[in-house]
1. Just to be sure I understand, how many residues within region 19-56 are aliphatic (A, V, I, L, M) and closer than 20 Å to Glu97 by Cβ?
2. With the requirement that a residue be of a type in the set (Phe, Trp, Tyr), under 18 Å from Gly30 (Cα atoms) and open to solvent by less than 70 Å² (accessible area, probe 1.4 Å), what does region 96-136 give you?
3. Restricting to region 82-136, name every residue that is in contact with an Asp or Glu (Cβ under 8 Å, 6 or more places away or on another chain), within 21 Å of Ser7 (Cα to Cα) and of a type in the set (A, V, I, L, M, F, W, C).
4. When region 46-95 is examined, which residues are found to be part of a strand (DSSP E or B), in contact (Cβ under 8 Å) with a residue 60 or more places away in the chain and surrounded by fewer than 19 Cβ atoms within 10 Å (Cβ to Cβ)?
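The values are calculated or read from the model by the stated rules, or taken from the named source; none is laboratory data. Note that the coordinates shown come from a computational prediction; the quantities given were computed from them, not determined experimentally. A quick note on method: Cβ atoms are made from the backbone with ideal geometry, for glycine too, and the neighbour counts reach across all protein chains shown. All accessible areas refer to the heavy atoms of the entire protein, side chains included, with ligands and DNA or RNA removed. Shrake-Rupley method; radii C 1.70, N 1.55, O 1.52, S 1.80 Å.
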Amino acid sequence: MIVLPESIREAIVEDAREGTPREICGVLGGAFGEQRSRVDSRYPATNAAETPRTRYLIDPEEQLEIFERLEDRGEEIVGFYHSHPNGPAGPSATDAEAAAWPDRSYLIVSLVPTLEVGSWRWRGDGAFDRERVAYR
């Protein structure tokens, strides 16, 4: 389960709408747990993918800076988020190939056909398990 403040959900959804037709992305910070994580902050990042309409890639230098900010604030990496402006909220095959943080949450915002926010934990073997999102 991932516990997500409504304000962070709303900010990510707004960024996804404003970023369309490109995918938006970022890092979620807070308290990580293998069964339950709590999001306390979000760190939007630049999508550095060659084809940002269908892929996302957090710029590696920016990602390191975000990780340092998290550490300085005493937060852990809870997971990552991105949008699917024209696709389902579920992880794509490309998302599975790019996932690199086992047991972390991958929050995905889909805008079409209707707004959907879902979260999955990557298990390290190419598989994602859907997790419950609890709002606070």
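1. Summing the residues that are aliphatic (A, V, I, L, M) and closer than 20 Å to Glu97 by Cβ in region 19-56 gives 5.
2. Tyr106, Trp120, Trp122
3. Correct list: Ala89, Ile108, Val109, Trp120.
4. The answer is none; no residue qualifies.
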